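Below: one structure, written as structure tokens.
The values are calculated or read from the model by the stated rules, or taken from the named source; none is laboratory data. Only a predicted model underlies this, so the values are computations on that prediction, with no experimental measurement involved. Ideal geometry is used to build each Cβ from the backbone, glycine not excepted, and the neighbour counts take in all protein chains shown.
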Amino acid sequence: MSSPKVLTISSVANLFSFDGAYILAFSWLFGMSFWISFFGGTIAYKTLPRQQFGTLQHRTFPIYFVISIILSGGLLAQWIATHPSVLDNFTKPTFADVAQAYALGTVFLSQAANYFVVGPMTSKVMFQRHKQEKSEGKAYNDPEVSSEMKALNVKFAALHGWSSLANLFAVIALAFHGLWIGNTGLRPN
């Protein structure tokens, strides 16, 4: 039986390492992504009037995407730096360390697509729908809406679907990476 580890100033100072920073950054990213994807949005949707909910999403999602891009980019850079075989075997996604780099790259690219392309397009269409509702005096889902509103509804649904799908890819990739590092650690395999 091993003896209990005694905490000292030195042992506490050693907690501040690249591995410790990696685990904290990953935990932050996965927790934030999981919460926003499965809980925060649902609670807000059920609580707020639709237009207020849309405005909230318009304000919070860009921040979420930027934090996701920064953290996943940092994790990917640190993963590649500590797993040099990734660069040599980049075209071999069945290699475990390369697969983890692909997972982190998926998060980075999915959230970058949401931040730079899909998110702004979705917000633009959402606000066009709000304006159209006001001018028609009808809710977007009223059966008697104009053909303009119907076209906006189709466009919004498609963009929202693409955004949700990209975000889901990011969450799944993070879960895969988390299970991997939880079972094998951070060292190269």
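Considering only residues that are buried (at least 20 other Cβ atoms within 10 Å of the Cβ) and touching a residue at least 24 places away in the same chain (Cβ under 8 Å), look in segment 77-99 and name the one that is farthest from ASN153 (Cα to Cα).
Taking the candidates together, the pick is HIS83.
Which of (1) over 20 Å from LEU179 (Cα atoms); (2) modelled with pLDDT of 95 or more; (3) touching a Lys or Arg at 6+ places or on another chain (Cβ under 9 Å) does PHE116 not meet, given it meets every other one?
Among (1) over 20 Å from LEU179 (Cα atoms); (2) modelled with pLDDT of 95 or more; (3) touching a Lys or Arg at 6+ places or on another chain (Cβ under 9 Å), the lone unmet condition for PHE116 is (3).
Looking only at segment 100-130, count every residue that is more than 24 Å from MET149 (Cα to Cα) and either basic (Lys, Arg) or surrounded by fewer than 16 Cβ atoms within 10 Å (Cβ to Cβ) (or both) and tell me the total.
The qualifying residues number 1.
For segment 100-144, what are the residues that are more than 26 Å from LEU56 (Cβ to Cβ) and either under 26 Å from the mean Cα position of the chain (by Cα) or part of a helix (DSSP H, G or I) (or both)?
Selection gives GLN100, ALA101, TYR102, ALA103, LEU104, GLY105, THR106.
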